[in-house]
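A short worksheet on the structure shown next.
The values are calculated or read from the model by the stated rules, or taken from the named source; none is laboratory data. Note that the coordinates shown come from a computational prediction; the quantities given were computed from them, not determined experimentally. Every residue, glycine as well, gets a Cβ built from its backbone with ideal geometry; the counts of neighbours run over all protein chains shown.
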Amino acid sequence: MIPAWLEKRHEILWESFQDSTFRFDDAAAALKEKMHDSERQINVFLSELRKRGWLETEFDPEDARKRIYKLRSREDIISETLSIDKNKLTRADLENLLKGAADLIRTRVDYSFILVLLFYKRISDKWDMEYENAYKEAVSDGLSEKEAAEEAKNSIYHDFDISEELLWENIRKDPARLPENFSKAMKILADRNPELKDVFENVDFVQFTTNRENVEILRQLIELFSARPLHYVSPDLLGDAYEWILKYFAPQKAKEGEVYTPREVIKLLVKILNPEPNESVYDPACGSGGMLIAAYQHVENEHGRDEAGKLFLSGQEANHKTLALSKMNLYIHDIRNAQLALGDTLLYPKFKAAEKLKKFNVVIANPPWNQDGYDEEILKKGEFWRERFSFGFTPRQSADWAWIEHMLGSADEETGRVGIVIDNGCLFRGGREKPIRAGVVNADLVEAIILLPEKLFYNTGAPGAVLILNQNKPKERREKVLFINASKEFQQHPEVRKLKQLGEKHIKKIVKASREFKEEDGFSKAIDLEKIKANDYNLNVTLYVFPEEEIEEIDVTKEWKDLRQLEEESLEIEEKIEDYLKELWGEE
């Protein structure tokens with residue numbers, strides 16, 4: 001589709017010059033008279049027409065510093081637009097685009113501005129694509145070009161209700177008013193599309209550009225994203241790009257308190273829980289949506305996209321800004337079967353059924369570790385506290401077991417599987433956590449506990465643990481807990497020197513042991529509940545499984561010879577030093 005602002009100016013220039021050549025001054029005279037455009041704006045218009053191939057240029061033979069222009073007809077433009085190369089943007093192109101954006105903002109600007117602009121560009125370009133398809137179909141159905149153009153704007157053909165003046169290309173036509181125009185457009189879009197309210201209401205480009213340096217950053221970001229179309233980029237490719245930004249800025253955001261769960265840890269958790277088509281998946285601390293997206297992709301990889309569409313995805317997040325990131329992330333991945341809610345999960349869980357806590361087949365999360373402020377007095381002010389915290393109440397300084405209890409309370413009694421990434425300390429700490437831990441163990445809800453390697457996470461060097469809980473354990477696993485010591489299952493992180501990473505072979509090994517309830521010396525062992533009780537309900541993995549040290553074979557004869565040689569060399573050096581000292585002191 002031709003952007004309205006360009007189409008209007010193309011129409012004015014076509015009326016004036018048809019397919020004859022003209023110069024900048026000629027174009028300026030026509031556009032100033034009809035549109036009152038400034039010369040700066042006219043430069044932008046001509047540049048955009050040239051970039052799109054709608055305007056042919058050559059050097060002016062009378063003055064090599066200037067150019068002569070020649071327009072292409074509207075019919076040629078529409079024909080070319082409708083036959084656009086659908087594989088124009090590669091993964092490398094997209095990564096280079098985002099690296100350029102990241103280099104622009106560095107640590108000076110919040111990375112959410114990149115994500116919002118990427119999202120806006122995507123929904124705008126997708127509107128163009130939807131328009132093209134609807135236009136083409138309408139023409140083939142016998143409508144005139146004008147009728148087809150009007151029909152293709154109908155909201156029934158589009159994901160979102162976006163009027164033409166709010167499209168990306170129409171907003172950027174006035175470079176002097178980018179902050180005002182983007183802020184206004186986002187407000188209108190949020191009003192017209194309530195599902196976008198969380199995405200746009202916290203982004204204020206006017207406030208952002210009160211700093212003069214940010215005005216130039218915004219202009220460059222807009223130009224950067226304008227350089228390449230996102231019409232036909234696959235959701236997988238674009239989703240990877242979105243995740244790339246989250247990962248790229250994770251070290252910086254970790255210093256500010258934000259939690260980013262490495263995608264390898266999420267993949268491990270999802271593979272163990274193994275969500276199936278038609279099941280429900282719930283993340284009570286969904287962050288940027290990584291767990292829900294991984295669950296969808298797992299079902300898609302195992303059963304196909306149609307079956308993945310049958311998943312019921314739900315997530316809750318307390319941070320307004322992070323919830324917006326999650327909504328954008330899901331849309332960018334083209335995942336529509338998700339419900340996201342804003343609120344404090346431990347106090348006000350949003351997912352209910354018949355005025356009771358809603359139950360899910362799979363409950364999965366990496367909640368804030370050692371979150372303070374949720375003792376008995378506070379938790380009793382929350383909804384469904386009797387139903388959720390039946391094993392006891394957590395101390396004020398750590399809500400780890402409150403999260404575990406909430407997740408157990410949200411799991412279906414027959415099919416509910418729970419997977420949680422949590423601080424390793426909650427496995428053995430005493431105080432008010434111990435009776436909760438004992439209650440969960442006595443109820444035979446713990447299926448497996450996995451000790452992760454240290455230095456996997458951006459915000460802490462602590463190892464972390466994965467708890468797998470099951471409301472209805474298979475008969476052969478009852479009265480037992482599988483302990484897996486995966487502390488040695490890692491490779492060096494490819495980008496961050498001080499971090500480690502779960503490799504594909506490590507994930508496969510852990511998943512296999514968990515699914516098969518498999519024992520392996522120094523790696524995994526099934527422990528009877530009676531032994532855990534005898535150990536005072538201590539669930540520390542290293543108490544039950546400790547990696548065997550590799551024993552190095554020693555050649556005793558060779559080592560003895562080497563030692564004797566070192567002793568002889570040492571004696572020779574001592575004798576030389578003694579001779580030097582005698583000479584120095586003049587002794588005979």
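Residues being of a type in the set (Gly, Ala, Ser) and over 26 Å from residue 267 (Cα atoms): count how many of those fall in region 403-440.
Number of matching residues: 4.
Among the residues of region 231-252, is there at least one that is under 21 Å from residue 490 (Cβ atoms), of a type in the set (A, V, I, L, M) and modelled with pLDDT under 85?
The answer is yes; a qualifying residue exists.
Here's the yes/no breakdown for (1) among the polar types (S, T, N, Q); (2) touching a Pro at 6+ places or on another chain (Cβ under 9 Å); (3) farther than 25 Å from residue 514 by Cα:
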{"position": "263", "(1), (2), (3)": "no, no, no"}
{"position": "267", "(1), (2), (3)": "no, no, no"}
{"position": "292", "(1), (2), (3)": "no, no, no"}
{"position": "310", "(1), (2), (3)": "no, yes, yes"}
{"position": "352", "(1), (2), (3)": "no, no, yes"}
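Take residue 479 and tell me if it is at positive phi, without any contact (Cβ under 8 Å) to a residue 60 or more places away in the chain and surrounded by fewer than 21 Cβ atoms within 10 Å (Cβ to Cβ).
When the stated conditions are applied, residue 479 passes them.
For region 137-182, give me each residue that is under 28 Å from the mean Cα position of the chain (by Cα) and charged (D, E, K, R).
If the condition is that a residue be under 28 Å from the mean Cα position of the chain (by Cα) and charged (D, E, K, R), then 159, 161, 169, 172 are the ones that fit.
One line per residue, one yes/no per condition, for (1) assigned to a strand (DSSP E or B); (2) surrounded by fewer than 23 Cβ atoms within 10 Å (Cβ to Cβ); (3) out of contact with any Gly (no Cβ under 6 Å at 6 or more places or on another chain); (4) touching a residue at least 40 places away in the same chain (Cβ under 8 Å):
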| position | (1), (2), (3), (4) |
| --- | --- |
| 394 | no, no, yes, yes |
| 397 | no, yes, yes, no |
| 403 | no, no, yes, yes |
| 407 | no, no, yes, yes |
| 414 | no, yes, yes, yes |
| 430 | no, yes, yes, no |
| 434 | no, yes, yes, yes |
| 439 | no, yes, yes, yes |
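Would you mind telling me which numbered condition in (1) within 21 Å of residue 426 (Cα to Cα); (2) more than 26 Å from the chain's Cα centre (by Cα); (3) buried (at least 18 other Cβ atoms within 10 Å of the Cβ) residue 367 fails?
In the conditions (1) within 21 Å of residue 426 (Cα to Cα); (2) more than 26 Å from the chain's Cα centre (by Cα); (3) buried (at least 18 other Cβ atoms within 10 Å of the Cβ), residue 367 misses (2) alone.
How many of the residues making up region 331-353 are over 16 Å from residue 292 (Cα atoms) and of a type outside the set (A, V, I, L, M, F, W, C)?
Residues flagged as over 16 Å from residue 292 (Cα atoms) and of a type outside the set (A, V, I, L, M, F, W, C) within region 331-353 amount to 7.
Which numbered condition trips up residue 248, out of (1) farther than 21 Å from residue 94 by Cα; (2) surrounded by fewer than 21 Cβ atoms within 10 Å (Cβ to Cβ)?
(1)
Which residue out of 85, 110 is at pLDDT below 85 and farther than 30 Å from residue 322 by Cβ? Steps first, answer last, please.
Numbers: 110 fails: farther than 30 Å from residue 322 by Cβ.
Exactly one of 85, 110 is at pLDDT below 85 and farther than 30 Å from residue 322 by Cβ, namely 85.
Return the only residue of 531, 455, 473, 512 being out of contact with any Ser or Thr (no Cβ under 7 Å at 6 or more places or on another chain), at pLDDT 95 or above and in a loop (DSSP other than H, G, I, E, B).
Going through 531, 455, 473, 512 in turn, just one is out of contact with any Ser or Thr (no Cβ under 7 Å at 6 or more places or on another chain), at pLDDT 95 or above and in a loop (DSSP other than H, G, I, E, B): 473.
Residue 525: farther than 12 Å from residue 272 by Cβ, among the basic types (Lys, Arg), surrounded by 15 or more Cβ atoms within 10 Å (Cβ to Cβ) and touching a residue at least 40 places away in the same chain (Cβ under 8 Å), yes or no?
For residue 525, the condition - farther than 12 Å from residue 272 by Cβ, among the basic types (Lys, Arg), surrounded by 15 or more Cβ atoms within 10 Å (Cβ to Cβ) and touching a residue at least 40 places away in the same chain (Cβ under 8 Å) - is met.
Take the conditions over 30 Å from residue 130 (Cα atoms), in a helix (DSSP H, G or I) and not assigned by TED's automatic domain parsing to the domain that holds residue 164 and apply them to residue 25. Does it pass?
So residue 25 passes the test.
Specify which of the listed residues (300, 405) is more than 22 Å from the chain's Cα centre (by Cα) and not assigned by TED's automatic domain parsing to the domain that holds residue 127.
Exactly one of 300, 405 is more than 22 Å from the chain's Cα centre (by Cα) and not assigned by TED's automatic domain parsing to the domain that holds residue 127, namely 405.
Which one of these does residue 299 not meet: (1) in contact (Cβ under 8 Å) with a residue 40 or more places away in the chain; (2) more than 18 Å from residue 367 (Cα to Cα); (3) crowded, with 23+ Cβ neighbours inside 10 Å?
Unmet condition: (1).
Filtering region 193-213 down to residues that are within 19 Å of the chain's Cα centre (by Cα) and hydrophobic (A, V, I, L, M, F, W, C), which residue is nearest to residue 176 (Cα to Cα)?
It comes out as 203.
Going residue by residue through region 122-135, is there one that turns out to be of a type outside the set (Lys, Arg), over 27 Å from residue 241 (Cβ atoms) and touching a residue at least 24 places away in the same chain (Cβ under 8 Å)? If you could, list the steps in order and put the result at the bottom.
As a first pass, look at region 122-135 and keep what is of a type outside the set (Lys, Arg): 123-125, 127-135.
Going one step further and asking which of them are over 27 Å from residue 241 (Cβ atoms), we end up with 135.
Narrowing further to those that are touching a residue at least 24 places away in the same chain (Cβ under 8 Å): 135.
The answer is yes; a qualifying residue exists.
Report the residue count in region 482-496 for those that are in a strand (DSSP E or B) and either outside the structural domain of residue 537 (by TED's automatic domain parsing) or surrounded by fewer than 21 Cβ atoms within 10 Å (Cβ to Cβ) (or both).
Residues meeting the conditions: 2.
Please specify each residue of region 413-433 satisfying the condition of being of a type in the set (D, E, K, R) and under 28 Å from the mean Cα position of the chain (by Cα). Give the steps one after another, and end with the answer.
First, the residues of region 413-433 that are of a type in the set (D, E, K, R): 413-414, 417, 423, 429, 432-433.
Those that are of a type in the set (D, E, K, R) and under 28 Å from the mean Cα position of the chain (by Cα): 417, 423.
Limited to region 459-487, what total is found for residues that are over 30 Å from residue 409 (Cβ atoms) and in contact with a helix residue (DSSP H, G or I) (Cβ under 9 Å, 6 or more places away or on another chain)?
The qualifying residues number 1.
Yes or no: residue 156 on the phi < 0 side of the Ramachandran plot and either of a type in the set (Gly, Ala, Ser) or in contact with a Leu (Cβ under 8 Å, 6 or more places away or on another chain) (or both)?
Working: on the phi < 0 side of the Ramachandran plot: yes; either of a type in the set (Gly, Ala, Ser) or in contact with a Leu (Cβ under 8 Å, 6 or more places away or on another chain) (or both): no.
In short, no.
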